[in-house]
1. Could you give every pair whose Cβ atoms fall below 8 Å, whose first residue belongs to the stretch 137-154 and is of a type in the set (D, E, K, R) and crowded, with 18+ Cβ neighbours inside 10 Å, and whose second residue is modelled with pLDDT of 95 or more and part of a loop (DSSP other than H, G, I, E, B), counting only separations of at least 6 or pairs across chains?
2. Can you say whether G221 is out of contact with any Ser or Thr (no Cβ under 8 Å at 6 or more places or on another chain), farther than 22 Å from A73 by Cβ and either modelled with pLDDT under 95 or not in a loop (DSSP other than H, G, I, E, B) (or both), as far as the supplied structure shows?
3. Just to be sure, is R123 outside any loop (DSSP other than H, G, I, E, B) and not hydroxyl-bearing (S, T, Y)?
4. Identify the residue in the stretch 39-55 that is β-branched (V, I, T) and farther than 10 Å from G89 by Cα and, among all such residues, is surrounded by the fewest Cβ atoms within 10 Å (Cβ to Cβ).
5. Let me confirm something: among E173, E219, which residue is surrounded by fewer than 20 Cβ atoms within 10 Å (Cβ to Cβ), in contact with a Lys or Arg (Cβ under 9 Å, 6 or more places away or on another chain) and among the acidic types (D, E)?
6. For the stretch 182-196, check the following and say yes or no: at least one residue is surrounded by 14 or more Cβ atoms within 10 Å (Cβ to Cβ), of a type in the set (V, I, T) and touching a residue at least 60 places away in the same chain (Cβ under 8 Å).
7. Could you tell me whether A34 is more than 20 Å from Y126 (Cα to Cα), surrounded by fewer than 17 Cβ atoms within 10 Å (Cβ to Cβ) and either aromatic (F, W, Y) or modelled with pLDDT of 95 or more (or both)?
8. Of all residues in the stretch 129-182 being part of a strand (DSSP E or B) and of a type in the set (G, A, S), which is nearest to V91 (Cα to Cα)?
Amino acid sequence: MSAEGTVPARALVVAAHPDDADYGAGGLIATWTAAGCEVTVVCVTDGDSGGFDAEVARKDVPSIRRGEQRAAADALGVKECVFLGRADGWVEVDRELRLELTRAIRRVRPHVVVTHAPERNYRFVYLCHPDHLATGAATLAAVYPDARNAFAFPELDLEPWVVPAVWLFGGPEDTVAVDVTDVFDAKVTACGAHDSQTPMLDGSVEEQLRADLGRTAREHGLPEGRLAEAFRVVETA
């Protein structure tokens, strides 16, 4: 998989919470699915600690957020959503999480895995949620060494798989900027599907995204008026 624009046949996106995949990589996902890539999204938690409406029963939040994630996935052309059901706010890099992510990798057999950067980005504190960092670290562990090691997790009874590349979002250092101007509307629709989370934004979903993606485009030297998402691409084959 080249960092210069080759579209993978299959991609796996691993996110800590419903909405992370869409805000972090929704433009990339829409670009790839439009070109024929089959994308599977894994949500490690159901985002059960999220939301802003105190009148909504806590027990109802997981199903609400799963529904929002499925609607967002439909907007981006995602093939499948998988929910691991970890407690929101308490994700840890443990054996069980590595096993579940290895299961996903061996089942989907992706050519690219997209996930959170495990390093802190002090420019934007909201990117440094502990669940984001732990999810990124666990996913990288599943990519290497777990998923490719025939002797790791034999109870899965799935053939090993080597992931050629990982694309990390939200980290302190990016190596690739993807122009997502042409799929911006799809990203807005996907992010807007997360109604329970939009009160946290300063303005509308479209305004927030246009400002953030415009800044990223400018920082990476794209022409004025373009919108971009940025990633650190790590070759892992």
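The values are calculated or read from the model by the stated rules, or taken from the named source; none is laboratory data. Keep in mind that what you see is a predicted model, and the values were worked out from it rather than measured. Cβ coordinates were reconstructed from backbone atoms using ideal geometry, including for glycine residues, and neighbour counts include every protein chain displayed.
1. D146/A152; D146/F153; R148/P160; R148/W161; R148/V162; R148/V163
2. Answer is no for this residue.
3. So R123 fails the test.
4. Checked the stretch 39-55; the qualifying residue surrounded by the fewest Cβ atoms within 10 Å (Cβ to Cβ) is T40.
5. So the residue among E173, E219 that is surrounded by fewer than 20 Cβ atoms within 10 Å (Cβ to Cβ), in contact with a Lys or Arg (Cβ under 9 Å, 6 or more places away or on another chain) and among the acidic types (D, E) is E173.
6. The answer is yes; a qualifying residue exists.
7. Yes: the conditions hold for A34.
8. Applying the filter and picking the extreme gives A165.
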